[in-house]
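Novice: The structure is given below, and queries will be raised subsequently.
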Amino acid sequence: GAVVSQHPSWVICKSGTSVKIECRSLDFQATTMFWYRQFPKQSLMLMATSNEGSKATYEQGVEKDKFLINHASLTLSTLTVTSAHPEDSSFYICSVGQPNEKLFFGSGTQLSVL
Amino acid sequence: QKEVEQDPGPLSVPEGAIVSLNCTYSNSAFQYFMWYRQYSRKGPELLMYTYSSGNKEDGRFTAQVDKSSKYISLFIRDSQPSDSATYLCAMQRGGSEKLVFGKGTKLTVNP
């Protein structure tokens, strides 16, 4: 399966600061990557679909100005949480895969906003 | 009614037991069914991937899909302590990459 590297695995920041999370597809050219968020004891919720060379597609209820996604190359997508607040504290996970085929996930980033 | 329902458990079994994990769903458009294993604070790892109805076996794991009942199962034979994790079911409509996940069932296999 595809190897997906996500960095950092854990970040603590102060309220009001911005945090950038990177997702790299190491052995697969990903025109599409997906960003999920997982709260404790909750299911993974799709936040947005990252498209290489074009704007991301956000799910209903996800603020695109708060969660900035950049997919500048076939191997890298970044998620920036702008002006983070404690309610943004969550586990963020990216995934890559072909349409209608298997998706493979990164190791996740635990964000804690103080 | 949620699209995918999964009992969050927790489920605790002795080593060597057969484990049965289940999900139900409401949307008959789902065509692809997956089971993921997630260790604490890690990304999900794909265990089983099936299309439409039927059974699929891979080592100690067996996935079953019953589309008529909108019900999927994952069986783990000869369970091991290393199987202790949260198991997530996920489903996908044909022609779309969006996965819909269950909440996950936390499994503990006791030595």
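A quick yes/no check of all residues on (1) more than 30 Å from A:Ser5 (Cβ to Cβ); (2) at pLDDT below 90:
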{"residue": "B:Gly9", "(1), (2)": "yes, yes"}
{"residue": "B:Gly16", "(1), (2)": "yes, no"}
{"residue": "B:Thr24", "(1), (2)": "yes, no"}
{"residue": "B:Trp35", "(1), (2)": "no, no"}
{"residue": "B:Asn55", "(1), (2)": "yes, no"}
{"residue": "B:Asp66", "(1), (2)": "yes, no"}
{"residue": "B:Ser73", "(1), (2)": "yes, no"}
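Novice: Here is a further query. Restricting attention to the stretch A:58-67, does a residue exist that is of a type outside the set (Lys, Arg), within 12 Å of chain B (Cβ to nearest Cβ) and touching a strand residue (DSSP E or B) at 6+ places or on another chain (Cβ under 9 Å)?
Specialist: Within the stretch A:58-67, one or more residues are of a type outside the set (Lys, Arg), within 12 Å of chain B (Cβ to nearest Cβ) and touching a strand residue (DSSP E or B) at 6+ places or on another chain (Cβ under 9 Å).
Novice: Under 7 Å between Cβ atoms, at least 6 apart or on separate chains: pull out the pairs that start in the stretch A:8-33 with a residue that is without any contact (Cβ under 8 Å) to a residue 40 or more places away in the chain and farther than 14 Å from A:Ser50 by Cβ and end on any residue that is among the small types (Gly, Ala, Ser) and outside any strand (DSSP E or B).
Specialist: Partner pairs satisfying both residue conditions: A:Asp27/A:Ala2.
Novice: Which ones in the stretch B:94-111 are crowded, with 17+ Cβ neighbours inside 10 Å and either within 26 Å of A:Leu46 (Cβ to Cβ) or out of contact with any helix residue (DSSP H, G or I) (no Cβ under 6 Å at 6 or more places or on another chain) (or both)? Break it down into steps so the answer makes sense when it comes.
Specialist: Within the stretch B:94-111, the first condition is being crowded, with 17+ Cβ neighbours inside 10 Å, and the residues that meet it are B:97, B:99-107, B:109.
Across the stretch B:94-111, the qualifying residues are B:Glu97, B:Leu99, B:Val100, B:Phe101, B:Gly102, B:Lys103, B:Gly104, B:Thr105, B:Lys106, B:Leu107.
Novice: For the stretch B:54-71, which residues satisfy the criterion of being of a type in the set (Ser, Thr, Tyr) and either touching a helix residue (DSSP H, G or I) at 6+ places or on another chain (Cβ under 6 Å) or surrounded by 13 or more Cβ atoms within 10 Å (Cβ to Cβ) (or both)? Lay out the reasoning, then the answer.
Specialist: Pass one, the stretch B:54-71, residues of a type in the set (Ser, Thr, Tyr): B:62, B:68-69, B:71.
Across the stretch B:54-71, the qualifying residues are B:Thr62, B:Tyr71.
Novice: Quick check: is even one residue across the stretch B:73-94 within 29 Å of A:Glu59 (Cα to Cα), within 14 Å of chain A (Cβ to nearest Cβ) and in contact with a Pro (Cβ under 7 Å, 6 or more places away or on another chain)?
Specialist: Yes; the residues of the stretch B:73-94 include at least one that is within 29 Å of A:Glu59 (Cα to Cα), within 14 Å of chain A (Cβ to nearest Cβ) and in contact with a Pro (Cβ under 7 Å, 6 or more places away or on another chain).
Novice: Answer yes if at least one residue in the stretch B:22-43 is surrounded by fewer than 18 Cβ atoms within 10 Å (Cβ to Cβ), within 11 Å of another protein chain (Cβ to nearest Cβ) and hydroxyl-bearing (Ser, Thr, Tyr), and no otherwise.
Specialist: yes
The values are calculated or read from the model by the stated rules, or taken from the named source; none is laboratory data. Small disclaimer: the values here were computed from a predicted structure and weren't measured. Using ideal geometry, Cβ is built from the backbone for each residue, glycine included, and neighbour counts are taken over all protein chains shown.
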